Amino acid sequence: MAKDVLKYLREREYISGEVLSRKLGISRVAVWKQIQKLKDMGYRIISDQNLGYCLVSRPDLLLPQEIQRGLSTTYIGKKIFYFPELESTNIMAKEKALHRAEGIDEGTLIITEKQSAGKGRLGRKWFSPTGGIWLSIILYPQLPPSYIPRITLMTAVAVVKAIKICTQIEPQIKWPNDILISEKKVCGILTEMSAELDMINWVVVGIGINANIEHQDFPEDIQENTISLKEVSGKEVLRVKLAKTFLQEFEKYYEKLKKKEFPSILKEWKLYSHTLGRKIRVDMGERIITGEAVNINEEGALILKKEDGKLIEIISGTIV
Ligand code: BT5
């Protein structure tokens, strides 16, 4: 109901309680209650005895009704679970993904303003204070598990495109899941899944974007390697617009992926690559391999040319 009240408040400068109560078929007291609810969410609404209610400003929050307004996707973000604070959107999304039959559809989004235990890969921590964009998308692709690296790569392209559209800054992609600006990490992607031998049950793609974070607020041990969009552009980025643009780009590339058009996504990935052509060291858990990053293959694996000239294919690892 608060959402409906908001719709009318947006349509005109002032609207009276009486008109609202008529349009919505509720009492004026009920209208007043909904107005209070909106105020509690952070909407600034003033009231004039003669003219009625007037929406003055929206909160800078990633509220579902803000993200969904004008969102041009078909299914990504059509259902949003929003939390002012959460342990981790990926943990919540994984729990929800188990309930597909109960209306947790493909494209369901979990989003929060702040994570108390944000997750990176391999048990690493992800620093997630207020001001960032921390979200997870639930997917049920009818694809084999070998597609997971491709999903991470296409997500990276969607993030780069969204940042570029909203800020004019062109980030780079460090294989497999880092988005960099000036060699520093501005976004990380965490793709998790449950699968049978030859078919994925669900995938959760977690994306963390350092939007409006002050540099000195990053923990000391990661300060040197981190950056935020606010730092680079010198002003606050509109997080709702960025989140919305990202969801639109994400759906576009995910559709391409499902139609087996990964080669065209990879072409774009290569345009933004920070990795290819560089001498790198890759931590593969049990060993570290050194070589030149010469290519990404059609499955999303990194092709490394070792010092002895031999090529090796790396499906997952961390460039150190
Ligand atoms: C990642 O892991 O880069 C994946 C990060 C995914 C975060 C999102 S937020 C929404 C969703 N919910 C979650 O709980 N997670 C996802 P990895 O490649 O393992 O990188 C982790 C490393 O990045 C850490 O060990 C730090 O060195 C560094 N790091 C931590 N927080 C950072 C931040 N805010 N910005 C840049 N670097 C950070």
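The values are calculated or read from the model by the stated rules, or taken from the named source; none is laboratory data. Since the model is a prediction, treat every value here as computed from it, not as a measurement. Glycine gets a Cβ as well: all are built from the backbone with ideal geometry, and neighbour counts include every protein chain shown.
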Hey, which of the strands (runs of 3 or more DSSP E) in the range 276-320, taking only ones fully inside, have at least 2 residues that are of a type in the set (S, T, N, Q) and free of Cβ contacts under 8 Å to residues at least 60 places away in the same chain? 288-296
Tell me the residue from VAL160, VAL205 that is aliphatic (A, V, I, L, M), touching a helix residue (DSSP H, G or I) at 6+ places or on another chain (Cβ under 6 Å) and closer than 19 Å to GLY300 by Cα, please. VAL205
Is it true that some residue in the range 253-263 is in contact with a Gly (Cβ under 9 Å, 6 or more places away or on another chain) and free of Cβ contacts under 8 Å to residues at least 24 places away in the same chain? no
I'm told MET199 meets every condition in (1) touching a residue at least 60 places away in the same chain (Cβ under 8 Å); (2) under 27 Å from GLU106 (Cβ atoms) except one. Can you identify the failing condition by its number? (1)
Conditions (1) within 30 Å of ILE312 (Cβ to Cβ); (2) outside any helix (DSSP H, G or I); (3) within 16 Å of the ligand (Cβ to nearest atom): number failed by LYS260: (3)
Matching residues, the range 174-233, being more than 8 Å from the ligand (Cβ to nearest atom), assigned to a helix (DSSP H, G or I) and of a type in the set (Asp, Glu): ASP217, GLU220, GLU231
Which one is farthest from the ligand (Cβ to nearest atom), of the residues in the range 234-244 that are closer than 21 Å to LYS161 by Cβ and exposed (fewer than 13 other Cβ atoms within 10 Å of the Cβ)? LYS235
When both residues are 6+ apart or on different chains and their Cβ atoms are under 8 Å apart, which pairs have a first residue that lies in the range 1-18 and is within 11 Å of LEU38 (Cβ to Cβ), and a second that is among the small types (Gly, Ala, Ser) and in a helix (DSSP H, G or I)? MET1/ALA30
Criterion: under 12 Å from TRP202 (Cβ atoms) and either in contact with a Leu (Cβ under 6 Å, 6 or more places away or on another chain) or not hydrophobic (A, V, I, L, M, F, W, C) (or both) - qualifying residue of LYS96, LYS114, LYS125: LYS96
Would you call ILE91 in a helix (DSSP H, G or I), free of Cβ contacts under 8 Å to residues at least 60 places away in the same chain and within 16 Å of the ligand (Cβ to nearest atom)? yes
Sole residue being at negative phi, under 17 Å from the mean Cα position of the chain (by Cα) and among the basic types (Lys, Arg), chosen from LYS256, LYS279, LYS252, LYS184: LYS252
What pairs can you find where one residue is in the range 107-122 and small (Gly, Ala, Ser), the other is assigned to a strand (DSSP E or B), and their Cβ atoms are less than 7 Å apart, with a gap of 6+ or different chains? GLY107/ILE137; GLY118/LYS125; GLY118/TRP134; GLY118/GLY208; GLY120/GLY188; GLY120/LEU190
Only one of ILE303, ILE265 is surrounded by fewer than 18 Cβ atoms within 10 Å (Cβ to Cβ), among the β-branched types (Val, Ile, Thr) and modelled with pLDDT of 95 or more; which? ILE303
Among the residues listed as LEU247, LEU271, LEU311, the single one being at pLDDT 95 or above and surrounded by 17 or more Cβ atoms within 10 Å (Cβ to Cβ): LEU247
In the range 103-141, anything modelled with pLDDT of 95 or more, surrounded by fewer than 23 Cβ atoms within 10 Å (Cβ to Cβ), of a type outside the set (A, V, I, L, M, F, W, C) and more than 9 Å from the ligand (Cβ to nearest atom) is listed as ASP105, GLU106, GLY107, GLU113, LYS114, SER116, THR130, GLY131, TYR140, PRO141
Mind checking which residues of the range 54-88 are of a type in the set (S, T, N, Q), part of a loop (DSSP other than H, G, I, E, B) and surrounded by 14 or more Cβ atoms within 10 Å (Cβ to Cβ)? THR73, SER88
